[in-house]
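These notes are about the structure you will find just below.
The values are calculated or read from the model by the stated rules, or taken from the named source; none is laboratory data. All values derive from a computational prediction rather than experimental measurement. Cβ coordinates were reconstructed from backbone atoms using ideal geometry, including for glycine residues, and neighbour counts include every protein chain displayed. Heavy atoms of the whole protein, side chains included, go into the accessibility calculation; ligands, DNA and RNA do not. Shrake-Rupley method; radii C 1.70, N 1.55, O 1.52, S 1.80 Å.
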Amino acid sequence: MTDINSAIAAAASGMRAQTVRMRVAAENVANANSTGANPNEEPFRRRVPLLESTTLANGAQGVEVRGTAFDMSDFRQEYNPTHPAAGEDGYVRLPNVDTLVEMMDMREATRAYEANLNMIEAARGMTNRALELLRR
């Protein structure tokens with residue numbers, strides 16, 4: 001496989017990984033206020049994607065998503081004794097999701113996705129220029 005094809009394959013693997021990052025961050029934001037139904041149930045726990053550097057089938061270096069893991073940081077607590085999930089002390093455990101962090105992660109993933117897309121467009125442009133030179 002050519003170097004240009006390897007570059008395109010590496011960029012495509014990066015785009016797939018960034019898509020997963022955006023999806024996981026969006027799920028975290030969507031569940032930022034999902035508490036348990038009662039004091040004994042845990043609220044939603046933030047997830048993070050597990051990305052790993054890998055060698056692709058064509059020999060290029062790329063990235064692969066190995067799944068997701070739970071963020072084991074502490075839950076936030078808020079005093080609301082009327083909430084159905086409030087404990088005996090009146091505190092409700094809320095998800096360990098910080099929407100600002102998630103939005104920044106989504107923005108970073110979007111920019112990385114765009115960078116990989118620009119890489120593919122540049123490789124296509126080089127291929128087209130090389131073909132034009134061969135035609136002459």
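The strands (runs of 3 or more DSSP E) found wholly in region 24-136 and carrying at least 1 residues that are within 30 Å of residue 2 (Cα to Cα) and in contact with a strand residue (DSSP E or B) (Cβ under 6 Å, 6 or more places away or on another chain) occupy 47-55, 61-70. Listed by first and then second residue, the pairs linking a residue in region 33-50 that is farther than 22 Å from residue 21 by Cβ to a residue that is open to solvent by 40 Å² or more (accessible area, probe 1.4 Å) and of a type in the set (Asp, Glu), with Cβ atoms under 6 Å apart and 6 or more places separating them unless they lie on different chains, are 36/42.
Taking the residues in region 88-124 that are in contact (Cβ under 8 Å) with a residue 12 or more places away in the chain and of a type in the set (Val, Ile, Thr) as candidates, determine which candidate is surrounded by the fewest Cβ atoms within 10 Å (Cβ to Cβ). Filtering first and then ranking leaves 99.
So is residue 54 more than 12 Å from the chain's Cα centre (by Cα) and over 18 Å from residue 112 (Cβ atoms) or not? Judged against the criteria, residue 54 is not a match. With respect to (1) open to solvent by 50 Å² or more (accessible area, probe 1.4 Å); (2) outside any loop (DSSP other than H, G, I, E, B); (3) modelled with pLDDT under 95, the lone exception for residue 7 is condition (1). Take residue 60 and tell me if it is out of contact with any Ser or Thr (no Cβ under 6 Å at 6 or more places or on another chain) and among the hydrophobic types (A, V, I, L, M, F, W, C). Against the criterion (out of contact with any Ser or Thr (no Cβ under 6 Å at 6 or more places or on another chain) and among the hydrophobic types (A, V, I, L, M, F, W, C)), residue 60 does not qualify.
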